[in-house]
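Structure, as structure tokens:
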Amino acid sequence: MRQQLTQYTGQSQDVKAQIGQQLERARELEQREQQLRERLEQQRQQSEEYRQKAREQSEHLKSIEARFVEIEQQMAATEQERTRLQREMSERESAYRRALLESQKARDAVDTLLGQIHEELGIEDPQELLRQAESVETSNEADLSAVDTGERLTEEEEAHLRKLRRRVDTLRSRLKAMGGYDESAPQLYEETKTRYEFLSSQISDLDQAALQLHTIIDQLDATMAKQFDSTFQAIAARFGQHFTTLFNGGNARLELVRAKVSEEEGDTSTARPSSMPTGIEVIVQPPGKKVQDLSLLSGGERALVSAALLFSLLEVNPPPFCLLDEVDAALDESNVTRFSDILRSLAQKTQFIVITHNRVTMTGAQVIYGVSMRESVSRMLSIRLETAVAQ
């Protein structure tokens, strides 16, 4: 009986110990669950903050792009209006010059005729010339009437009459050569002058507006260049670090490629050179090798270089999520391990969705989804590794 009681007592103590262990484990699981929930909540808050920041940056970038497009449209419209006004002003200037030239020619012809009249006849006032012409016509009529009446003229009178007739013919031919004149020429001149002054003021306003638009564009270019330079420097620094980590040595760098303007492209004095680069050159040196071009690298090395550049971009400007489709397909096991370590560190700020067939990469995932097909029907299976390990 004592032996049975002792055996039951020992079993009871074992059960109590097991129950105590289970309770302790349950408390540890609860604490771990609480910690995981708190961590999950923190990650959700960080993710929301990053999403909000990304939305703000996206909206700010869209507003800058919209402003830039609006300025370009305004510049195009201003340039078209300026071209039209310059063409119209050129036409007005040509008409104005023609009117001035014709007016000057008319003045010169009148001055020349008055000079000839003064030299030949000694008459300075044109009205005196008209009075003499009327008197000549009157005398001619009198002479003709005298001839008609049968009166005979002396030789002196006949010579004087011929002289007067020649003078009248000369004056008539000169008046005919002068031609007519446009009575509305002064009014046309004033209208053209007023229009010319108006167009000149419009062109001055357009030049001022174009100068302001160019100033705004220069400010935007400077801001964009500054932001681009700071971002590029950060990406270049992280690219070198990730390259060294993935290749387990070596070095790499990023260099900007500037545009080269050749003389064969024509006169570029009116062009506005851009301060932004035209491209980026990737210079890599794997461990134990010389500096090589990307085209000379193997498939796995190029995949590692691409992964280093991608990780640099994600680290400088982390997005909410990122999809990778068999990036590790050309990598061996040691490279996949380093690839997974970097991916796991970046997963604190970015949610990664990785499509892979590599088991090493799968071990770093939190949730695995697989697709199987039975009887021509696809089925999706999922497993959460933390839960599976706890069980």
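The values are calculated or read from the model by the stated rules, or taken from the named source; none is laboratory data. All of these numbers come straight from a predicted model, not from anything done at the bench. FYI the Cβ positions are ideal-geometry reconstructions off the backbone, even for glycines, and counts take in every protein chain you see. Heads up: the accessible areas ignore ligands, DNA and RNA and are worked out on the full protein's heavy atoms, side chains in. Shrake-Rupley method; radii C 1.70, N 1.55, O 1.52, S 1.80 Å.
Hey, could you check the stretch 228-251 for residues that are in a helix (DSSP H, G or I) and touching a Gly at 6+ places or on another chain (Cβ under 7 Å) and say which is farthest from Pro318 (Cα to Cα)?
The first filter runs over the stretch 228-251 and keeps only residues in a helix (DSSP H, G or I), leaving 228-247.
Add one more test, that the residue is touching a Gly at 6+ places or on another chain (Cβ under 7 Å), and what stays is 243-244.
Working: Phe243: 18, Thr244: 21 Å.
Ranking the qualifying residues of the stretch 228-251, first place goes to Thr244.
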Quiz prompt | Per-region count, the stretch 44-72, residues surrounded by 12 or more Cβ atoms within 10 Å (Cβ to Cβ) and either touching a strand residue (DSSP E or B) at 6+ places or on another chain (Cβ under 9 Å) or of a type in the set (Val, Ile, Thr) (or both) | solution = 3
Self-check item: Lone qualifier among Ser372, Ser312 - being open to solvent by less than 90 Å² (accessible area, probe 1.4 Å), out of contact with any Pro (no Cβ under 9 Å at 6 or more places or on another chain) and free of Cβ contacts under 8 Å to residues at least 12 places away in the same chain
Solution: Ser372
Quiz item: If only one of Glu81, Glu120 is modelled with pLDDT of 65 or more, touching a helix residue (DSSP H, G or I) at 6+ places or on another chain (Cβ under 9 Å) and either acidic (Asp, Glu) or not in a helix (DSSP H, G or I) (or both), which one is it?
Solution: Glu81
Self-check item: Filter result for the condition that a residue is surrounded by 11 or more Cβ atoms within 10 Å (Cβ to Cβ), in a helix (DSSP H, G or I) and modelled with pLDDT under 70, over Leu144, Leu161
Solution: Leu144
Exercise. Return a yes/no flag: does the stretch 280-301 have any residue that is part of a helix (DSSP H, G or I), surrounded by 13 or more Cβ atoms within 10 Å (Cβ to Cβ) and modelled with pLDDT of 85 or more.
Key: yes
Quiz item: Of all residues in the stretch 311-329, which are in contact with a strand residue (DSSP E or B) (Cβ under 8 Å, 6 or more places away or on another chain) and either within 18 Å of Phe232 (Cβ to Cβ) or of a type in the set (Val, Ile, Thr) (or both)?
Solution: Leu314, Val327
Self-check item: Any hit, the stretch 328-351, residues being open to solvent by less than 40 Å² (accessible area, probe 1.4 Å), acidic (Asp, Glu), over 30 Å from Glu56 (Cα atoms) and touching a Phe, Trp or Tyr at 6+ places or on another chain (Cβ under 7 Å)
Solution: yes
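Just checking, how many residues over the stretch 375-391 are at negative phi and open to solvent by 100 Å² or more (accessible area, probe 1.4 Å)? Full working, then the answer.
Narrowing the stretch 375-391 to residues at negative phi: 377-391.
Still in the list and also open to solvent by 100 Å² or more (accessible area, probe 1.4 Å): 379-381, 384, 389, 391.
Result for the stretch 375-391: 6.
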